[in-house]
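What follows is a single structure, written as structure tokens, with notes after it.
The values are calculated or read from the model by the stated rules, or taken from the named source; none is laboratory data. All of these numbers come straight from a predicted model, not from anything done at the bench. With ideal geometry, Cβ positions are generated from the backbone for all residues, glycine too; neighbour counts draw on all protein chains shown. Side chains included, ligands, DNA and RNA excluded: accessible areas come from the protein's heavy atoms. Shrake-Rupley method; radii C 1.70, N 1.55, O 1.52, S 1.80 Å.
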Amino acid sequence: MIAGAGCALAILGVLIVSGDTGASDDDFNKWPGVLLCALVVAAGYFVLGAVRTGAMAAAGTVAAALGVPALLVFLTLDVNDFPPYSTDLILIGTTVAWLGSYLIGPGRGRPFFLGAGLIGLWFTILQLTEGVFDFPFALISGFSMAFESSFDSSGSEMGGGPFSPSFDAPDPTTMGVLSLALGIGYLVVTRRLDRHQRHGVATPFALATLPTMYVGTLLMADDLEQAGTGLLLMLVGGGLAYHGSTVGRRGTAWVGGATTAIGAAVFLSDMTDDATIGGMLFLAAGIGLVAAGHAVATALNEPDEMELTGPGLHRTSTLAPATSYAPGWTPPPGAEQPVAPGHWNPPPTAPP
């Protein structure tokens, strides 16, 4: 993690040097940035090809991943345009590069590429449908054009009325529906992979599930109003908590539980303006959630969060089959069995 963070800091330094080198009084020379960012990407993939594990591999992954969007920014840069780069091309190219790097080449099987690619896919969908990342530029341009059109060439105001900007704002409802749909899809894939003991591949999907579903819920808050938003948060939180508790993802389970409580608080806050009544509602709802949590955990025979669980199978990558268990670890009944090199074992039948 420290090596990856250090690589990100170094890339920031490259961007600063690229900007300072290309800046001039007359124009901006983008080619120093193109060259330096291309070298960063090439160095990242070279390191990944030479070193598959450890801190250097983490640094190579960050270099290859972050260098791609930076390279595309410089390649599409035109200071005479507004926005000065192609947002669509940057998002599409970056997403394809990240997902492709996870599937083939020296970055094959590295979860960072998959997680980044899934988030990039979400951003790309929002950009292509609603132009969300170009909206700030459209907003500035709309205000500028409206302001200029309200004055004549001599500087006197025309029409005497306030100017009104003209631009198409992204539709929050559309973005919310798309984000929620994508988040639900990610959650379904996560659960399927976890149930098949492919936890390494499932983790990036689990990570991408959280922002897509939460942002989608918030974007729909205006349509759902406070009570509806609270109920949707409770539904999302309950689903995440159930998923996390049944496949062993403690972080997801804790986030889901917290979201459920927040959703209940949002819903109940809309029920009354009286503080005493509101406090009593919170107290009753809290006790109800405690009882519900206890009942569900008992029904699922859920292990305690403090129970020590054993390490999983050793894999050469998230796409490779498991080859051995950690030393001294005895697999539980029905767990995935190690696969000898060059062989494949069908998955065992799930225990009752």
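Computed quantities for the displayed model
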| read-out | value |
| --- | --- |
| Conditions (1) open to solvent by less than 50 Å² (accessible area, probe 1.4 Å); (2) free of Cβ contacts under 8 Å to residues at least 12 places away in the same chain; (3) aliphatic (A, V, I, L, M): number failed by I104 | (1) |
| Residue ranges of helices (runs of 4 or more DSSP H) in the stretch 190-298 with at least 1 members out of contact with any Phe, Trp or Tyr (no Cβ under 8 Å at 6 or more places or on another chain) and of a type in the set (D, E) | 221-247 |
| Out of F163, F147, F143, F133, sole residue that is in a loop (DSSP other than H, G, I, E, B) and either within 17 Å of L210 (Cα to Cα) or at pLDDT below 60 (or both) | F163 |
| Single match in A64, A116 (criterion: open to solvent by less than 50 Å² (accessible area, probe 1.4 Å) and closer than 19 Å to L39 by Cα) | A64 |
| Test: residue in the stretch 259-266 that is out of contact with any strand residue (DSSP E or B) (no Cβ under 8 Å at 6 or more places or on another chain), under 16 Å from L210 (Cα atoms), crowded, with 18+ Cβ neighbours inside 10 Å and of a type in the set (G, A, S) | yes |
| First in the stretch 47-63 and without any contact (Cβ under 8 Å) to a residue 40 or more places away in the chain and more than 12 Å from G4 (Cβ to Cβ), second anywhere and open to solvent by less than 50 Å² (accessible area, probe 1.4 Å) and charged (D, E, K, R), Cβ under 9 Å, 6 or more apart | none |
| Members of the stretch 1-44 found to be in a helix (DSSP H, G or I), touching a Ser or Thr at 6+ places or on another chain (Cβ under 8 Å) and either β-branched (V, I, T) or open to solvent by 40 Å² or more (accessible area, probe 1.4 Å) (or both), listed by number | L36 |
| Any hit, the stretch 295-304, residues being modelled with pLDDT of 90 or more and over 18 Å from G183 (Cα atoms) | yes |
| The one condition in (1) closer than 25 Å to T124 by Cβ; (2) open to solvent by 40 Å² or more (accessible area, probe 1.4 Å); (3) in a helix (DSSP H, G or I) that D81 fails to fulfil | (3) |
| Test set (1) under 20 Å from the mean Cα position of the chain (by Cα); (2) open to solvent by 20 Å² or more (accessible area, probe 1.4 Å); (3) more than 25 Å from I287 (Cα to Cα) - A241 fails condition number | (3) |
